[in-house]
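Notes to accompany the following structure.
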Amino acid sequence: MDFKDLAKEISSRSKIKINRKNIERLLGALRKTKLPWELVDLSDFPVPAVFESMKVLEEKEIISISDAGFKLTARGKEVVKDIHPVEDISCSDCEGRGITLEKFSDLEKKFLRVQKNRPGAIRRFDQGYVTPKTTLSRFAVAYERGDVVGKEIILLGDDDLMSIALGLSGLTKGITVVEIDKRLTDFIQETADKEGFKINVQTVDLRHPLPKEHVKKYDAFITDPPETIKAADAFIGRGIASLRAPGSAGYFGFTRREASLTKWYDVQKLLLKYRIVFTDIVHNFNEYVNWGYEEETRAWRLSPIKVRPRKNWYRSALYRFETLDGFRGNFKDYGEENIYEDVESSTT
Ligand code: SPD
């Protein structure tokens, strides 16, 4: 079967550019799972295109779809017979992140205790936070790269509670959080007061330029933007504006669940124009806890089978970069514009 034609048809129906490699991966994933959210996780391309693919494959009698899930037909088995099933062979200790938490067992205990009372994710701000192990692993990577000890760090949006992990470590020079959700700024401030670390917390809408007092002040920033080009430009661009000098570092997450590689290319290209250089991209580093409002999302409406995810399925890559001489940030004002949704996004 010609996967190129199949990819063309799915691209035209979903308006998301996919290619024969995506189809090959999807068919390999179908040999491993019959459940929609696991299939998206293993296939590694945007939800709307994966679910459109299932409709096309059903029409071509390659799969059948029932409440129990997707099943390869006799024709389907013939089509996939030479395709390798997708295999997860990442390290079982670090879950493929390439970093150990051994040095931070006290911090881990404290963080696990403190985060238990965190505010739940809400749809209004497109929230969906990462697992505590992910937050701690991000901390460990930043520590290892020299971006924590004695450094001034800013968090642009912090439903992942990175500021609390940093504060509990006692290793930074200063921590600032700019975040739109008052439930979170209150929780972070109260935790800092209770646990005895200093923090500067401010309610800020990142659609607007960063308040002046944060411009060119920090050694590192961490953010996890919604997956549109505009939101990436706003959140990461404000982050770059906050950095003090060449050699400062930025961290962000970007997924394949809501962004095709064409969007990845566009985002990388626009960030390179700010004169930064990528130092790390770690595949599937960030694992998100299912956010609880799945049934209200476009992803749910598009899914051919209405079942809730049985395990976490949304993951993103961890990006790190450093600033070069002449770097600059983003001071564009997006007003009240909805910068959070596009044709590839689906979980808001
Ligand atoms: N809308 C719920 C899922 C939100 C996950 N956001 C991940 C952002 C990664 N850049």
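Within the set of other residues whose C-beta is less than 9 Å from the C-beta of LYS151, count the net charge using Lys and Arg as +1 and Asp and Glu as -1.
-2
Given the peptides 12-24, 164-176, arrange them by the average over their residues of other C-beta atoms within 10 Å, most packed first.
Numbers: 12-24: 18.4, 164-176: 20.8.
The peptides rank, most packed first, as 164-176, 12-24.
Quick check: Cα centre of region 84-109 to Cα centre of region 288-309, how many Å?
Cα centroid to Cα centroid, the span is 27 Å.
Considering only protein heavy atoms, with the full assembly of protein chains and a 1.4 angstrom probe, order THR185, THR203 by accessible area, largest first.
THR203, THR185
Report the net charge of residues surrounding SER64, where surrounding means a beta-carbon distance below 14 angstrom and charges are Lys +1, Arg +1, Asp -1, Glu -1.
Local net charge: +2.
Scan around ARG31 for amide H atoms under 5 Å from its own, H built in the peptide plane at 1.01 Å from N, and keep only partners 5 or more places away or cross-chain.
VAL86
Between beta-carbons, use under 15 Å as the cut-off and find the net charge around TYR334, counting Lys and Arg +1, Asp and Glu -1.
That sum, taken over residues with Cβ under 15 Å, equals -4.
Would you work out which of SER346, VAL277, PRO309 lies farthest towards the positive end of the dipole of region 275-348? Charges go on Cβ: Lys and Arg +1, Asp and Glu -1.
Final value for the positive-end residue is PRO309.
Starting from the amide H of LEU243, placed 1.01 Å from N in the peptide plane, find each other amide H under 5 Å away whose residue is 5 or more places distant or on another chain.
LYS216, LYS217, TYR218
LYS4: which aspartates and glutamates have alpha carbons under 15 Å from its alpha carbon, excluding same-chain residues fewer than 8 sequence positions away?
Leaving aside aspartates and glutamates fewer than 8 places away in the same chain, those within reach of LYS4 are GLU24.
Once amide H atoms are placed 1.01 Å from N in the peptide plane, what residues at a sequence separation of 5 or more from ILE63, or on another chain, have their amide H within under 5 Å of its amide H?
Under 5 Å from the amide H of ILE63: GLU58, THR73.
With everything on Cα atoms, drop me the angle between helix 20-30 and the longest principal axis of the chain, reported from 0 to 90° to the nearest 10.
80
Just to check I understand the Karplus step: with θ = phi - 60° and J = 6.51 cos²θ - 1.76 cosθ + 1.60, what whole-Hz values come out for region 83-96, glycine and proline as x?
Each residue's phi maps through the Karplus curve to give 9, 5, x, 5, 10, 9, 10, 6, 4, 6, 6, 9, 6, x Hz.
Tell me, what is the 1.4 Å probe accessible area of TRP264, in Å² to the nearest 10?
The value for TRP264 is about 30 Å².
Rounded to the nearest 5, what % of DSSP beta bridges with both residues in the chain are antiparallel?
55
Going by accessible area, probe 1.4 Å, with all protein chains left in place, what is the ranking of HIS84, HIS208, HIS283, largest first?
In descending accessible area the options line up as HIS84, HIS283, HIS208.
Treating only the Cβ atoms of Lys and Arg (+1) and Asp and Glu (-1) as charged, compute the dipole magnitude of the chain about its Cα centre; round to the nearest 20 debye.
Its charge dipole is roughly 260 debye.
Could you tell me the accessible area of VAL86 in Å² (1.4 Å probe, neighbours in place), rounded to the nearest ten?
Estimated to the nearest 10 Å², VAL86 gives 10 Å².
Residue by residue, what Karplus-based ³J(HN,Hα) values in Hz, rounded to whole numbers, does region 270-284 have, using 6.51, -1.76 and 1.60 with θ = phi - 60° and x for Gly and Pro?
Taking θ as phi minus 60°, the curve returns 5, 6, 4, 5, 7, 6, 10, 10, 6, 10, 8, 9, 10, 4, 6 Hz for region 270-284.
Going from most exposed to least, what order do ARG31, ARG238, ARG256, ARG145 have by accessible area with a 1.4 Å probe? Could the numbers behind the result be given before it?
Numbers: ARG31 105, ARG238 0, ARG256 55, ARG145 80 Å².
Result of the area sort, largest leading: ARG31, ARG145, ARG256, ARG238.
The values are calculated or read from the model by the stated rules, or taken from the named source; none is laboratory data. Predicted, not measured: the structure shown is a model, and the values here were computed from it. Because the Cβ atoms are built from the backbone with ideal geometry, glycine has one as well, and the counts that use them run over all protein chains shown. Ligands, DNA and RNA are excluded from the accessible area calculation, which covers all protein heavy atoms including side chains. Shrake-Rupley method; radii C 1.70, N 1.55, O 1.52, S 1.80 Å.
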